[in-house]
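**Q** First the structure, then my questions, so here it is.
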């Protein structure tokens, strides 16, 4: 039964990350047709279609704003707004694998924030994973050899904003309502991108444009729903592993849909970035297996106490 739960959780995670990848491809397909902030704004609007599937029968919709720590709710909203706007612009300006490789800097920023601001202890394995990932990003960027432009900056900003959102989720604690956690990720793009698009917004023309716009917003929200279901069925370390399947989708879309082949050095950098994530996952897997073995040993080798005589 346990294996079935784990495998189904990972399957849902694979589906969730596939939906995220298709959503990113839709945003790239809108380059030159719509303002990036208008595209990001649609994510906040269409995300409300998923709320009935997240809401429990007894939960009022007002729980979207229910939180014990309003500052963390606001931080999640702002960081989600920044990450969506920056990621849409990055995918519009860069080949998808290149943009995604830079966004995989998120663990690097999470580690820096955890150590610098939260004073958390980080293992050597984590630092090794972060160092390898940073090396991979340097190979992709090749400072001094390639020009660093707005697309690269947007991808790095998206990674930093996503890391801030992760820290905000952690600080919010386990008592926050699911609607509150999801709602903050909707209202950030809705308000922030809505304000930024006012001077550049244009009405979408053509069925293809509408389809891509709907695909970006709805599939991103649907991916969030699948990830929530996945985390309910499998441990976090297993659910996070399929994230690197996004790179396979990105490479495939880049070649097939957008006709943007990768040069050899960029490909090497992407492989190194992916390896850094695998190192962290292997460490987590070994840690959980060691803990399980220790628990099994304690249960089967600890002598039972003898009953005391009256």
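Please treat every number below as a calculation from the coordinates, not as lab data. Predicted model only: the values in this text are computed from it and were never measured. No Cβ is skipped: glycine too gets one built from the backbone with ideal geometry, and neighbour counts run over all protein chains shown.
**Q** Could you give the length gained on full extension between residue 207 and residue 53, defined as 0.36 nm per residue of separation minus the Cα-Cα distance, in nm?
**A** Gain in length upon complete extension: 52.7 nm.
**Q** Go ahead and run the numbers for FRET between residue 65 and residue 171, Cβ-Cβ distance against an R0 of 25 Å, rounding to 0.05.
**A** Efficiency computed from Cβ-Cβ geometry: 0.90.
**Q** Using 0.36 nm per residue of separation minus the Cα-Cα distance, give me the extension gain between residue 138 and residue 265 in nm, one decimal.
**A** Taking 0.36 nm per residue and subtracting the Cα distance, the gain is 44.7 nm.
**Q** Answer rounded, prolate or oblate for region 1-137, using the Cα gyration tensor with square roots of eigenvalues a ≥ b ≥ c: rounded when a/c is under 1.5, else prolate when a/b is larger than b/c, else oblate.
**A** Taking the square roots of the gyration eigenvalues as a ≥ b ≥ c, region 1-137 is rounded.
**Q** Decide, for region 110-235, between rounded, prolate and oblate: order the square roots of the alpha carbon gyration tensor eigenvalues as a ≥ b ≥ c, take rounded if a/c falls under 1.5, and otherwise choose prolate if a/b is larger than b/c, else oblate.
**A** Oblate is the answer for region 110-235, as a/c is 1.5 or above yet b/c matches or exceeds a/b.
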